[in-house]
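Before any comments, here is the structure.
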Amino acid sequence: MFALVPLIVLFPLAGVVVNALFGRQLGAIRSAWLAVTMAALAFIVGLIQLGGLLGNGGEAVIVPVATWLSVGDLHVDWAFQVDALSVTMMLVVTGVGTLIHVYAVGYMREDVVHNGDPARYTRFFIFLNLFLAMMLILVGADGYAMLFVGWEGVGLSSYLLIGFWFEKGENNIGNTRAGMKAFIVNRVGDLGLMIAMALLFWNFGSLTYREVFENIEHALADPAALAILAAVGVLFLVGAAGKSAQFPLFVWLPDAMAGPTPVSALIHAATMVTAGVYLIARSNPIYHATADAYGFSPSDLVAWTGALTALIAATIAVAQNDIKKVLAYSTISQLGFMVAAAGMGAYVAAIFHLVTHAFFKALLFLGSGSVIQAMERGMHAAEDGHHGHVDPQDMRAMGGLWNRLPITKWTYLVGALALAGLPPLAGFWSKDEILLDAAEHFPAIYAVLAFTAVLTAFYVGRQLVMVFSGEPRTSAAAHAEESPAVMTGPLVALAVLSVLGGVLNLPKFGEHDPATWVHGLRNFLATALPVEGHGLIEANVAFPSAAFAFLALMFAYFFYRNAYRSAHDQDPLEGLGGLYRALSKKWYLDDLYDFFIVRPYETMAQVIARGFDQGGIDLVANSLGDLAREIAVGFSGFQRGLVRAYALVMFLGVVALLAWFQLAGPR
Amino acid sequence: MLPGIPTYAYVGLSAVLFAMGVIGVLTRRNAITIFMSIELMLNSANLVFVAYARQYASMNGQVFVFFVMVVAAAEVAIGLALIVAIFRSKRSIDVDALRQLNG
Amino acid sequence: MTLEWILFFALAAIAVLSALGMLRSRNAVHAAMYLVANFAVVALFYLLLNAPFIAMVQVTVYAGAIMVLFVFVIMLLGAERLSDESQALPLQGYLAWTAGGIVALTLVLVVYQSITTGQAPLPTTAVPADFGSPAAIGQLMYGQATPENPLSYVLPFEVTSLLLLVGMIGAVVLTRDALTRGREKR
């Protein structure tokens with residue numbers, strides 16, 4: 001049954017190929033459901049792998065497929081590694097992925113009408129399946145080489161999907177620019193990853209996990225090798241910072257919200273952005289080996305990067321007015337939690353949070369998509385013409401949707417409370433694990449993360465109040481309509497998962513707790529990741545986090561309840577003046593990048609393109625062409641069409657020959 | 001029989017006639033007169049053939065002249081047909097008027 | 001100066017003068033007449049060279065058929081009325097005359113050299129009585145190959161008759177346009 005694992009990639013790839021070749025014949029509906037079916041089949045394959053692993057005690061299995069490169073000393077195979085970590089990731093990716101595929105069937109139907117190109121419907125599902133295949137290659141890889149293929153592949157899919165409406169956006173190019181930004185910033189991270197891979201190969205002769213990690217044990221005694229490993233650890237962090245949007249490379253993720261909402265949910269919340277966390281978790285032997293070698297080890301760097309990212313992003317989220325941007329920064333913040341956990345050595349906690357975050361963040365994004373489309377339907381229904389035209393994503397234009405969106409409101413509420421970390425929802429348990437580990441070993445990080453958790457609850461509450469409570473502030477909100485079942489179905493499913501997800505890894509409530517199903521995920525992952533800690537719930541951590549989350553929510557409710565009477569009101573936080581401005585401008589990070597990197601680069605590109613390429617090289621090439629043409633024109637003057645001239649020339653030639661024969665030729 | 005004229009005399013005469021034929025081809029504008037100059041050239045070549053046939057007492061030269069005449073006749077037929085055809089479309093047999101194949 | 005030389009030079013003079021006349025005459029029909037005269041003189045030369053058959057053929061075919069054809073076409077196209085200023089092209093005339101002069105001179109030079117170096121044999125007087133007679137030519141052309149004359153010209157003869165056929169068809173095709181088009185219109 002492990003031999004079936006290549007199918008997990010082949011099913012989505014088949015979806016891509018069939019839809020690409022026969023999409024037009026199949027028609028929009030059938031091709032979309034084909035894509036959904038492929039995702040579901042991949043999920044079933046994942047379940048089969050889970051069954052197999054539970055059967056054989058969690059021992060890792062390598063399933064080779066084909067040889068890829070065999071060049072000199074480099075030998076790389078296409079092979080899948082089926083162990084607890086990869087199967088967990090596979091199930092998350094395919095499970096949440098399938099739900100999002102179903103949602104997208106309904107969402108995109110309205111979206112292509114809204115954007116005016118119904119023919120593009122099938123293309124969306126081709127890209128979505130492509131992404132799925134690539135992500136599964138990434139998590140199923142048996143080594144860094146294949147992981148990198150998936151890494152680049154998801155980057156490509158992300159670019160294609162962010163810029164899906166490539167002719168829309170600011171100045172009719174905004175979406176494309178967002179896609180480019182994502183790709184380019186990712187590339188910076190990829191560079192780190194590539195250098196790390198090169199170092200690993202150079203020093204250990206292989207890129208597969210098994211061989212590299214075996215060789216690490218031998219290298220422990222060698223300081224030079226340790227230095228290389230430390231460098232690798234830092235470079236992996238760089239790669240993760242790019243892909244998982246950590247400071248300072250997170251600037252692409254908010255812009256990526258330009259893509260359709262299912263994309264934001266799948267790629268930029270649940271799966272692709274977790275690839276960095278996965279990378280660090282998977283490479284834990286490297287971090288473990290270098291943990292004690294230096295004063296400030298690479299894993300410490302990872303932990304602090306994650307913590308600071310979490311804090312910075314949470315502060316920015318407080319001041320955003322676009323419903324998706326809030327969720328984007330929230331994602332960055334939660335990713336910071338995961339990265340921090342991985343850096344602290346709490347790999348199980350990081351993966352657990354990854355799983356629960358996938359549930360509730362996907363839920364929140366899909367819910368926001370439902371809200372946005374409800375606003376768009378409201379604009380149509382209101383028939384206010386230009387007067388009623390508002391940005392459907394602007395929270396200031398919403399309000400009072402609680403009474404208009406029966407299913408969306410409950411599911412969104414569940415997701416939001418899970419994000420805020422309210423027990424007994426899933427988010428509480430996973431966040432608590434992280435906080436627990438931080439409190440025990442890294443008190444400074446604990447302080448940062450705890451404060452971030454408070455901010456998280458605050459902006460969550462702010463969003464809930466602005467969107468749902470009060471009176472509708474615009475006619476669009478007043479006429480908003482609920483989404484169809486094909487969209488609300490996945491919302492409900494994800495809400496259930498967000499409620500029950502904590503069950504995956506409940507802590508023990510006492511030393512002698514007889515419940516055998518606690519710590520399910522921890523025990524499962526123990527075969528693949530090092531586990532630490534005692535697994536008991538710690539009241540000193542759990543109670544404050546729950547209490548502060550609750551208080552922050554209440555505070556947000558009262559603070560914002562009456563703040564927005566009309567769509568043009570100011571945020572009460574504007575009273576903070578410069579601080580609020582900095583927050584809403586993302587701490588000017590984008591502006592700094594623009595000023596110091598983007599502008600000089602564009603200027604240089606212009607100079608080279610205009611001056612050197614067009615002025616220099618084109619000039620030479622065109623001159624040569626013109627010269628050839630002039631010569632040809634000159635020569636064509638010989639051919640004037642006069643027969644007698646030709647005859648004369650021929651005869652002169654004969655005369656010359658004759659003279660030569662006579663004077664100097666053979667006798 | 002008369003002792004005969006040395007062959008070189010005939011060759012010289014033929015050369016002069018040939019040269020005059022060439023000049024005629026190159027300097028005349030009327031297509032038909034050009035053609036006539038070509039006939040003159042052919043004729044001078046025939047003369048050389050016959051002269052040498054006589055010199056070497058071999059009739060092969062004369063047979064060759066015979067064939068040359070046949071070919072010349074065929075050539076004249078076709079050439080004049082061409083001139084007539086051109087005249088039909090251009091109403092002129094001035095070769096300088098036929099200059100479309102230029103550039 | 002023996003008799004044959006006088007005869008030769010007289011005939012040669014007529015030949016050259018008539019050729020010159022053909023070159024210089026403005027009227028195409030006049031040029032044709034000059035050429036006929038030239039052909040007639042050349043036929044006489046053939047007679048001098050023991051080629052009676054060829055001489056007859058020359059008169060019959062060249063002067064009789066080809067030149068008649070020329071005159072027909074000249075009349076058909078009204079070419080005798082067409083002006084024929086030689087050389088509208090600059091330099092064409094000078095170059096042509098110069099080149100022609102060079103050719104003539106060169107060939108004469110060849111002759112002269114061959115005389116002075118003693119490589120100019122006189123024609124042998126020993127020719128059979130029927131040399132150049134139709135019977136002999138016929139024998140040569142259609143007869144069996146003999147050791148003295150290993151070539152039989154039957155095949156070239158057939159090929160040239162085919163050539164004439166093709167030429168005839170070609171001439172008909174080339175000149176049938178207006179006629180058939182007129183017919184088709186009706």
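The values are calculated or read from the model by the stated rules, or taken from the named source; none is laboratory data. Note that the structure is a prediction, hence the values are computed from the model and not measured. Methodologically, a virtual Cβ is constructed for each residue, glycine included, from the backbone with ideal geometry; neighbour enumeration extends over all protein chains shown.
Assorted remarks:
- Of all residues in the range B:54-70, those satisfying the criterion of being in a helix (DSSP H, G or I) and facing another protein chain (nearest Cβ under 7 Å) are B:ARG54, B:GLN55, B:ASN60, B:GLN62, B:VAL63, B:VAL65, B:PHE66, B:PHE67, B:MET69, B:VAL70.
- Out of A:PRO64, A:PRO12, one residue alone is of a type outside the set (Val, Ile, Thr) and surrounded by 16 or more Cβ atoms within 10 Å (Cβ to Cβ). It is A:PRO12.
Okay, residues lined up against (1) in contact with a Pro (Cβ under 6 Å, 6 or more places away or on another chain); (2) modelled with pLDDT under 90; (3) buried (at least 17 other Cβ atoms within 10 Å of the Cβ):
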| position | (1), (2), (3) |
| --- | --- |
| A:LEU147 | no, no, yes |
| A:GLY150 | no, no, yes |
| A:SER158 | no, no, yes |
| A:TRP165 | no, yes, yes |
| A:GLY169 | no, yes, yes |
| A:ILE173 | no, yes, no |
| A:ASN186 | no, no, yes |
| A:ASP190 | no, no, yes |
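- Selected residue [in contact with a helix residue (DSSP H, G or I) (Cβ under 6 Å, 6 or more places away or on another chain), surrounded by 24 or more Cβ atoms within 10 Å (Cβ to Cβ) and not in a helix (DSSP H, G or I)] from A:ALA480, A:ALA438, A:ALA418: A:ALA480
- Residue satisfying all of: in the range A:287-298; surrounded by fewer than 24 Cβ atoms within 10 Å (Cβ to Cβ) and assigned to a helix (DSSP H, G or I); farthest from the chain's Cα centre (by Cα) among these: A:ALA289
- Among the residues of the range A:441-470, the one identified as surrounded by fewer than 24 Cβ atoms within 10 Å (Cβ to Cβ) and of a type in the set (S, T, N, Q) is A:SER469.
- Breaking point among (1) under 21 Å from B:THR27 (Cα atoms); (2) more than 7 Å from chain B (Cβ to nearest Cβ), for C:LEU23: (2)
- Residues considered: A:VAL355, A:VAL263, A:VAL348. Of these, the only one that is assigned to a helix (DSSP H, G or I) and more than 25 Å from A:ILE100 (Cα to Cα) is A:VAL348.
- Among the candidates A:GLY400, A:GLY415, residue that is more than 30 Å from A:GLY502 (Cβ to Cβ) and out of contact with any Lys or Arg (no Cβ under 6 Å at 6 or more places or on another chain): A:GLY400
Table: residues versus (1) assigned to a helix (DSSP H, G or I); (2) at pLDDT 90 or above.
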site	(1), (2)
A:GLY51	yes, no
A:ILE62	no, no
A:ALA66	no, no
A:HIS75	no, no
A:MET90	yes, yes
A:GLY97	yes, yes
A:GLU110	yes, no
A:VAL113	yes, no
A:PHE127	yes, yes
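- Residues in the range C:50-66 that are in contact with a helix residue (DSSP H, G or I) (Cβ under 7 Å, 6 or more places away or on another chain), without any contact (Cβ under 8 Å) to a residue 24 or more places away in the chain and at the interface with chain B (Cβ under 10 Å from one of its Cβ atoms): C:ALA55, C:VAL57, C:GLN58, C:VAL61, C:TYR62, C:ALA65, C:ILE66.
- Selected residue [more than 7 Å from chain C (Cβ to nearest Cβ), part of a helix (DSSP H, G or I) and at pLDDT below 90] from B:ILE23, B:ILE86, B:ILE38: B:ILE86
- For the range B:71-83, the candidate set comprises residues that are away from chain A (no Cβ under 14 Å) and of a type in the set (Val, Ile, Thr); within that set, the residue that is surrounded by the fewest Cβ atoms within 10 Å (Cβ to Cβ) is B:VAL71.
- Residue in the range B:38-45 that is crowded, with 20+ Cβ neighbours inside 10 Å, within 17 Å of the chain's Cα centre (by Cα) and polar (S, T, N, Q) present: yes
- B:ALA97 being buried (at least 24 other Cβ atoms within 10 Å of the Cβ), more than 7 Å from every other protein chain (Cβ to nearest Cβ) and more than 22 Å from C:ALA104 (Cβ to Cβ): no
- Extreme residue, nearest to B:ILE23 (Cα to Cα), among residues of the range C:16-38 that are among the hydrophobic types (A, V, I, L, M, F, W, C), under 12 Å from the mean Cα position of the chain (by Cα) and surrounded by 23 or more Cβ atoms within 10 Å (Cβ to Cβ): C:ALA19
- A:GLY55 being in contact (Cβ under 8 Å) with a residue 40 or more places away in the chain and not charged (D, E, K, R): no
- Pairs linking a residue in the range A:629-650 that is at positive phi and at the interface with another protein chain (Cβ under 7 Å from one of its Cβ atoms) to a residue that is assigned to a loop (DSSP other than H, G, I, E, B) and surrounded by fewer than 10 Cβ atoms within 10 Å (Cβ to Cβ), with Cβ atoms under 7 Å and 6 or more positions apart or on different chains, are A:GLY641/B:GLN100.
- Screening A:ALA241 with (1) at pLDDT below 90; (2) surrounded by 21 or more Cβ atoms within 10 Å (Cβ to Cβ) gives one miss only, at (1).
- Among the numbered conditions (1) at the interface with another protein chain (Cβ under 7 Å from one of its Cβ atoms); (2) more than 12 Å from the chain's Cα centre (by Cα); (3) surrounded by 24 or more Cβ atoms within 10 Å (Cβ to Cβ), the only one that B:ALA31 does not meet is (1).
- Qualifying residue in the range A:216-231 (condition: among the acidic types (Asp, Glu), surrounded by 14 or more Cβ atoms within 10 Å (Cβ to Cβ) and assigned to a helix (DSSP H, G or I)): no
- Any chance C:ALA40 is within 18 Å of B:LEU42 (Cβ to Cβ), within 10 Å of chain B (Cβ to nearest Cβ) and at pLDDT 90 or above: no
Rundown of residues vs (1) assigned by TED's automatic domain parsing to the domain that holds C:ALA32; (2) part of a loop (DSSP other than H, G, I, E, B); (3) modelled with pLDDT of 75 or more, yes/no style:
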residue: C:MET75; (1), (2), (3): yes, no, yes
residue: C:PRO90; (1), (2), (3): no, yes, no
residue: C:THR98; (1), (2), (3): no, no, yes
residue: C:ILE102; (1), (2), (3): no, no, yes
residue: C:LEU105; (1), (2), (3): no, no, yes
residue: C:VAL111; (1), (2), (3): no, no, no
residue: C:LEU122; (1), (2), (3): no, yes, no
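- The condition (being closer than 17 Å to A:ILE316 by Cα and exposed (fewer than 15 other Cβ atoms within 10 Å of the Cβ)) is satisfied by just one residue among A:LEU579, A:LEU583, A:LEU589, A:LEU573: A:LEU579.
- Residue, modelled with the highest pLDDT, within the range B:49-69, restricted to residues that are more than 17 Å from C:ALA43 (Cβ to Cβ) and of a type in the set (A, V, I, L, M): B:VAL63
- Test for A:LEU235: is it closer than 17 Å to A:TYR144 by Cα and at pLDDT below 90: no
- Scanning the range A:311-327 finds no residues that are crowded, with 24+ Cβ neighbours inside 10 Å and of a type in the set (Ser, Thr, Tyr).
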